[in-house]
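Notes follow once the structure below has been shown.
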Number of protein chains: 4
Amino acid sequence: MEKIQFQCDYNEGCAPQIMQRLVETNLEQNIGYGEDPHCEHARELIRKACEAPDADVHFLVGGTQANATVISSILRPYQGAIAATTGHIAVHETGAIEHSGHKVLTLPATNGKIHAKQIEQCLMCHYHEDGPEHAVQPGMVYISYPTEYGTLYSKQELMDIHNVCRQYQIPLFVDGARLGYGLASKESDITMPELAKMADVFYLGGTKQGALFGEAVVITNPALKKDFRYFIKQGGGMLAKGRLLGIQYEELMQNDLYLSLARHANEQAERIQQALMQKGYKMAVPSPTNQQFFILPNDHLKKLEEKYVITVWEHTDADHTTVRFCTSWATKKENVDKLIEDIKRI
Amino acid sequence: MEKIQFQCDYNEGCAPQIMQRLVETNLEQNIGYGEDPHCEHARELIRKACEAPDADVHFLVGGTQANATVISSILRPYQGAIAATTGHIAVHETGAIEHSGHKVLTLPATNGKIHAKQIEQCLMCHYHEDGPEHAVQPGMVYISYPTEYGTLYSKQELMDIHNVCRQYQIPLFVDGARLGYGLASKESDITMPELAKMADVFYLGGTKQGALFGEAVVITNPALKKDFRYFIKQGGGMLAKGRLLGIQYEELMQNDLYLSLARHANEQAERIQQALMQKGYKMAVPSPTNQQFFILPNDHLKKLEEKYVITVWEHTDADHTTVRFCTSWATKKENVDKLIEDIKRI
Amino acid sequence: MEKIQFQCDYNEGCAPQIMQRLVETNLEQNIGYGEDPHCEHARELIRKACEAPDADVHFLVGGTQANATVISSILRPYQGAIAATTGHIAVHETGAIEHSGHKVLTLPATNGKIHAKQIEQCLMCHYHEDGPEHAVQPGMVYISYPTEYGTLYSKQELMDIHNVCRQYQIPLFVDGARLGYGLASKESDITMPELAKMADVFYLGGTKQGALFGEAVVITNPALKKDFRYFIKQGGGMLAKGRLLGIQYEELMQNDLYLSLARHANEQAERIQQALMQKGYKMAVPSPTNQQFFILPNDHLKKLEEKYVITVWEHTDADHTTVRFCTSWATKKENVDKLIEDIKRI
Amino acid sequence: MEKIQFQCDYNEGCAPQIMQRLVETNLEQNIGYGEDPHCEHARELIRKACEAPDADVHFLVGGTQANATVISSILRPYQGAIAATTGHIAVHETGAIEHSGHKVLTLPATNGKIHAKQIEQCLMCHYHEDGPEHAVQPGMVYISYPTEYGTLYSKQELMDIHNVCRQYQIPLFVDGARLGYGLASKESDITMPELAKMADVFYLGGTKQGALFGEAVVITNPALKKDFRYFIKQGGGMLAKGRLLGIQYEELMQNDLYLSLARHANEQAERIQQALMQKGYKMAVPSPTNQQFFILPNDHLKKLEEKYVITVWEHTDADHTTVRFCTSWATKKENVDKLIEDIKRI
């Protein structure tokens, strides 16, 4: 019997509505490289959803590519990106940022988050130093919403970070690989237009949220718009059949699909969270989104692994393991039922 | 009325067989990053087709990405890639190769091709110079099959290039973005296994040959295999839902689909070629594959452009334009009929 | 007996006046990294000589370093530098420019020079192309004064290039590794202040013109000044004992030393030129500066090589070789006398 | 009255013996780029001092340049260098390592040192992870001898690090910008030949130890020797008048000059250390070399700063500052006498 996967949010293909549109449009003839009517329409829908009529929208294939492309478009060669030590660009991208010549300037994270005060401190330090040119100049701030640990910044926290960035005149980039799960969370106190106002550039992840692949980069700061397509092409991110990205985002941005898929995932995650808490397991990080981090006794984990695939995050101590349960738009309710049943039964 | 496009070979989505498989497998749960059973199976099929049981096969999303990833995996920082002045990496990739730190060492091309003698000359020059370390060291040879102009190297020409590379111990990389159109051409005198023996690394393009996207890199030289996945990930080319590439290549490599799609395109291109020659237009490059380059009087071109989209390649003189007619696996016979009729009628 | 070297302009140490100042100041205590009073004074002298009171002046150790640092400070990642095919950055720097991520966009040179029309053509081509973002964007112009072949641009030619650059809003960078030899030439029709007005950034070479080492980069365009010291440090070019550069340039910029050393070299070069022409040898390039390129019969060359070291530039044909005779501030008149005698005698 | 500087070890020019040799050889004619007889002789002397007859020796101008050149010659693009969080490459080089595409993988330092166990842990972690290719691969170890804090590794500690490197087949690179101060320290238990055996590559710093400038890179691991001159040239580090480096190292390596200059500096540092301890100030780091780190009350510091320049290292708390006193080969005994007197008197 095949195991049920709660391993990540990219185990399946795409939302059926999207697949259907790909089938319907398959033999249309379209111009390449994202200049077709589908992309144009999708851009318009995204601008509307962000209430950012002047924003530039670009479609990229994946998250590492989106991060590397955006960051290398912002920084000058001697600048680095401030990020959490646990940030995706700091640990999971094989040094893609360094490959483009830039240091990731890491700050200690709390549940995946960094705070305005830390950022300010880092910036002040740099500029008050004697001979600042002997160190990498902080040139931007990178955060994720939600973070790698599924946690969310509050509106106030974001606004504080935004303000520090304004004060030091450096852009704020929000990695939104899982943006929908964040915005659709019951604990989120921000909207997409609010995010679009606070970030200079961010993206609406598709890969982990119902699309086959794709990330929609939204640039609201006019200073960052120039020649962005050159960066995409040079970075190997300009999809020949760009229409595939346009078609997928057209679908995602209509009928509330983007957020409703995310809401479903969050609900299933919450059900798992409650089951794990009732069982008395310790929550490793308090996440209100589709990723749940818990510390399980090793023998219990072993039992669960007979039927489920779960991500091992860390070997906590000799007898315990921190694991991640991940749901997605594709997670079946009945599979969560089974999992809950089995958690109770251990 | 919408114009019929003979503009490029990526105007449509994908071959219906492939789309169907994507639909059928959509809700399967698979592990990410190309380590799923579909990718494994596709790799096996490719190794078989290449008669290269020990080859490593990796799937990438697009051509520029494939070129940049392969080249940066081969070269040391002070080395460059020998290529034709008209080579894709020399002119159409926004300096992706230079972005990874390497010079493209261009040689004058004849109909898109470079020759073994030129390559040998370039290598000899470098090593006979006094203080060779003041110049970029040629570290590999890059050619395309077919070339940017649709032309083909003969088996003997390839073997000569292969031998120069062996002599100077540098790898030969064959860009196969349109490999199928080449191998399926009536004028080709090589097979895929023969190519696999002569190249140290090459790829079977999917994007332009029936897939939604995808390029299958085949590494036959053991010295080039090590840690290639690090390069893919660092370059932003590791697709989260790698299964999409596996599924598409599974289909392409079965039932002769890859070559039969290409054969169809070549046949339609040949029909267009004959019509253009009968009309008396001058062939710009003698291409036996899916791209046809002809020199048209500007007023004739204008007439054709009322109903068709054709690529303007070069403004030849005040009254003439060099254009490219491009067919693909998706080109409809009846559209070619119409085009031929209209050419006759001008 | 040791051979006399006419091989290059960096065979000796430095002008005796400079060496004396280095000795005198040796045990002074100075702050590091170019922030000492000697550097400050030297900067002031250079600004005065350039009649550019607002220019930024930075000292670097060598030419390749100066070129790479300046160019990487100007270009955005997807941009390249327009240069002559024979330009130093195109052929003699082991791809240092590509190493920093940028393509050198070469134009065919005439006696080492490129012309405004060519540059304009290259820029127009790029921006008129469909989808310019698929190619490297020309982001600056690089020329040398004098060129690699010792030739000089006229004031009009420089002004034309300057104007094209202004029109397309890209900077003009003048490599002045041998600037003094150019300005001191009888055929030069420009002055240092005029050059400083036409170039956005340029440098006064020291290594080849009387210093032990050193290049003084002058940035007149305010847009290019920001954070240049970060570039120097990151590129490994920030000399700990920066005072060494300051002291040398203090000396060079006083008492007309810089130009008078160059004048001497040019005079000796002219004497050699005349001797070679009187002998009937063919001039390869008409150079009015310290490098002389002539085509010699191989047996004559062999004879000369018994007593002199001369640079072989190119094997012209089976019986002839193009060679370079190079003089410098250090060339002894009596050694030139001997050489002329020997040329006559062959 | 001018202040006396204890700020760094590059406040003065060079040892008089060296200056004299530069004067004597000034008008010699020599071939460029480090291929002259002085460089050859200096290489021979260094090989002898290291008892490494097969080592390759290359001369570079400065420390950041030496670090960046060596590291980029060792690592493949997806690899990083393990270093202390306080390592020079991690904090004081404006991201020169990242500029060449590589991440610095930092480990928490104890008094500037990292330990074999930490390194082993880091390497194990990487290779035991699922999907190691999503993270930067540790490709070498970088340490300094002495460290940034003047501390020394014991022979045993070095051997342990050496052994971990061997086990994982990655090179060990020892930054020796202040190597002499380390080897000449009373607390050092290793010799230059022993270091040469334990390191795969290291350098003998000149800039901070009696030369005007210069670092002599010694490569003992044959696998790291290939084409190193290409790296030097590409990195802008190939000095045209390479003889300057040769001449300086000829002098340094004769008559025990290198170590005797260092011994003098260490002795003066020890005298300062004792005075500070007798005064009751807290030592911040126990350093047996030419850098002394102490925590001073702010008002005491202010008093001292009236007559001396001392480096402020860190604002320890509201009332205290950590400072560095630095001696060198050039530190005058009588200036130390004065300083000690003034310390006592505060």
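Quick rundown of the values:
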read-out	value
Region C:159-196 versus region C:20-73: alpha-carbon centroid distance in Å	21 Å
Gyration tensor (alpha-carbon) shape descriptor, region A:258-303, a/c threshold 1.5	prolate
In sequence order, calculated HN-Hα J values of region B:137-154 (Karplus, 6.51, -1.76, 1.60; Hz; x Gly/Pro)	7, x, x, 5, 10, 10, 10, 10, 9, x, 6, 4, 9, x, 7, 10, 7, 7
Isotropically averaged projected area of region D:16-257, using the convex hull of Cα atoms (one quarter of hull area), nm²	12.6 nm²
Identity and axial distance of the chain C residue whose Cβ lies nearest the axis relating C to B, Å	C:Glu98, 2
Shielding of C:61-70 by partner chains, average beta-carbon count, 10 Å	4
Among beta bridges that DSSP assigns inside region C:16-256, antiparallel share in %, nearest 5	45 percent
Inter-copy label distances at A:Lys186 (7 Å, Cα→Cβ; nm, one decimal)	7.1, 7.1, 9.3
Ordering of D:110-119, B:147-156 by packing [mean C-beta count within 10 Å, highest first]	B:147-156, D:110-119
Prolate/oblate/rounded call for the protein assembly as shown, Cα gyration tensor, a/c under 1.5 rounded	oblate
Cβ-derived FRET efficiency at R0 60 Å, B:Thr85 paired with D:Asp189, nearest 0.05	0.50
Label point 7 Å beyond Cα along the C-beta direction, distances from C:Asp337 to other copies (nm, shortest first)	5.5, 9.5, 11.0
Point-to-point label distance, D:Asp54-B:Lys332, nm (Cα→Cβ direction, 7 Å offset)	7.2 nm
Average beta-carbon neighbours from other chains, 10 Å sphere, peptide C:242-250	1
Sites matching trypsin sites (Lys or Arg not before Pro) across region D:161-267 that sit in DSSP coil, with at most 13 neighbouring C-beta atoms within 10 Å	D:Lys186, D:Lys226
For residues of D:204-216, the mean tally of beta carbons on other chains within 10 Å	2
Phi-based couplings in Hz for region D:188-204 (Karplus 6.51, -1.76, 1.60; Gly and Pro marked x)	6, 10, 10, 10, 4, x, 5, 4, 4, 7, 7, 8, 7, 7, 7, 9, 9
Pseudo-label separations to other copies for A:Pro108 - Cα-to-Cβ vector, 7 Å, nm	0.9, 6.5, 6.6
Compactness index (Cα Rg / 2.2 N^0.38 Å), region D:1-140	1.41
Beta bridges by DSSP in region A:135-221, antiparallel share as percent, to the nearest 5	45 percent
Dipole magnitude (debye, nearest 20) for the protein assembly as shown, charges at Cβ of Lys, Arg, Asp, Glu	0 debye
Charge dipole (chain B, unit charges on Cβ, about Cα centre) - positive-most of B:His88, B:Pro288, B:Thr207	B:Pro288
As computed over region A:113-231, the Cα convex hull volume per residue (Å³)	123 Å³
Gain on full stretching of the segment that runs from B:Lys197 to B:Glu341 - 0.36 nm per residue minus C-alpha separation	47.5 nm
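Read-outs: derived from the displayed coordinates by stated rules, not from any lab. A quick note: this is a predicted structure, and the numbers were derived from the prediction, not measured. Quick reminder, even Gly has a Cβ in these numbers, built from the backbone with ideal geometry, and neighbours come from all protein chains shown.
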